[in-house]
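**Student:** Right, I'll just put the structure down here and ask away after.
What follows draws every value from the coordinates through simple rules; no lab data is involved. Values in this document were obtained by computation on a predicted structure and should not be read as measured data. Quick reminder, even Gly has a Cβ in these numbers, built from the backbone with ideal geometry, and neighbours come from all protein chains shown.
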Amino acid sequence: MGERPGCGDDGPLRPGLHAHPSGGLRVSAGGPRAELLHKALTRGLPSSWWRAGQVYRLRLVQAHVDLQGRRVLDAGCGVGAYTRAFQEAGAWALGVDVEEDRVAEALREGSGPCFAVASVERLPFGDASFDVVFSHEVLEHVEDDLQALREAARVLRPGGALVLFVPNRSFPFETHGVVWRGRYHFGNVPLVNWLPAPLRNRLAPHVRAYGRRQLAALVAAAGLDVCYHTQIFPGFDRLEATRPVLGRMLRRAARLLERTPLRALGLSHFLVARKPAP
């Protein structure tokens, strides 16, 4: 087992994006990674509020991975909502995030898990340090997704589990907004992810979305064995906040759809992979 790590909703954006003086966002070659832009393009900003959609995802994790007594790394922890949930479930949890202000907010919540500032592409931990590496909607934002997965594999002990949630290319909406005519437009934009890759990537250069086979191949290239892979629909938490009955109805319908082949159109991939024993 590697050295035990110490205490201290994401990775850096790709280059070429910067703030426009009008208050919008403009794309240009070679621009700096402005902090403002990073936060704008990786919305929503992580929240410590625990919602039904997060509870559902936590239950999925617990159904496939034993957390009790395990050392869990929350890679790209945001403000630490899942990190705390893992700790409460009996794990020894550590969260890392590249955003210093997010880590500071996580630490302000008080005692519990450890948090540190670190990039998921350059984890400051020894080999085989963790039993579980958890990555929630982070991989799509990093510069080098394969390198991030290789780092996750490196810090996992043999037999350890990688748990991933990432955007599904087959979902009918791009939920991170698009860049159109040099300006960034935030919101859920229909059918963008169904376009041919070159056009889709021009409209959404700030975020990836993954096909099923593409994601499985990427995980395999990092040296991990996929043991469970499905897709899940949204939790409709925001809708429920304003229209409670409709939000709950859609959530129930979504859970039923996840039991059918239509789950292929879900919002996110949920994937569990294991590091093979030597």
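**Student:** Give the span of region 128-204's Cα atoms along each principal axis, as three whole-Å numbers ordered largest to smallest.
**Tutor:** 46, 21, 21
**Student:** While we're on this one: Using Cα-Cα distances under 8 Å and only pairs 6 or more residues apart, what relative contact order does region 17-274 have, in percent?
**Tutor:** The value is 17 percent.
**Student:** Determine, for 210, 56, the number of other Cβ atoms within 10 Å of each Cβ, and report the residues in order from fewest to most. Before the final figure, lay out each step's value.
**Tutor:** Details: 210 23, 56 18.
Fewest to most other Cβ atoms nearby, the residues stand as 56, 210.
**Student:** State the extension gain, in nm to one decimal, for the chain segment bounded by residue 221 and residue 63, taking 0.36 nm per residue of separation less the distance between their alpha-carbons.
**Tutor:** Numbers: separation 158, 0.36 × 158 = 56.88 nm, distance 2.55 nm.
Working it through step by step, the gained length comes to 54.3 nm.
**Student:** Going through region 138-190, which trypsin sites (Lys or Arg not before Pro) have at most 12 other Cβ atoms within 10 Å and a DSSP loop state?
**Tutor:** Within region 138-190, the qualifying trypsin sites (Lys or Arg not before Pro) (loop, at most 12 other Cβ atoms within 10 Å) are 181.
**Student:** Please compute the alpha carbon radius of gyration of region 49-108, then divide it by the globular-protein estimate 2.2 N^0.38 Å. Two decimals is fine.
**Tutor:** 1.09
**Student:** Stokes-Einstein at 37 °C, 0.692 mPa s, Kirkwood radius from Cα pairs: D for region 171-230 in µm² s⁻¹? Show your work: numbers first, answer last.
**Tutor:** Working: Rh = 12.8 Å.
Estimated via Stokes-Einstein, D reaches 256 µm²/s.
**Student:** Suppose each label sits 7 Å from its Cα in the direction of the beta carbon; what would the residue 248-residue 147 distance come out to in nanometres?
**Tutor:** Result for the modelled spin labels: 4.8 nm.
**Student:** A further question follows. Starting with the highest mean, order 79-86, 187-194 by the number of other Cβ atoms within 10 Å, averaged over the residues of each peptide.
**Tutor:** Most protected by this proxy first, the peptides run 79-86, 187-194.
**Student:** Next question, about the same structure. DSSP loop trypsin sites (Lys or Arg not before Pro) in region 194-278 with at most 11 other Cβ atoms within 10 Å of their Cβ, which ones?
**Tutor:** In loop regions of region 194-278 (DSSP not H, G, I, E or B), the sparsely surrounded trypsin sites (Lys or Arg not before Pro) are 259.
**Student:** Suppose we take every Cα in region 17-274 and form the convex hull; what volume per residue is that in Å³?
**Tutor:** In region 17-274, the Cα convex hull volume per residue is 138 Å³.
**Student:** When Rg is the radius of gyration of the Cα atoms in region 51-173 and Rh is its Kirkwood radius, what does Rg/Rh come to?
**Tutor:** Rounded to two decimals, Rg/Rh equals 0.94.
**Student:** Can you bin region 132-278 into rounded, prolate or oblate? Criterion: square roots of the alpha carbon gyration tensor eigenvalues sorted a ≥ b ≥ c, rounded for a/c under 1.5, prolate for a/b above b/c, oblate for the rest.
**Tutor:** On the way: a/c = 2.10, a/b = 1.31, b/c = 1.60.
Oblate.
**Student:** Mean shadow of region 227-274, computed from the convex hull of its alpha carbons, in nm²?
**Tutor:** So the Cα hull casts an average projection of 3.6 nm².
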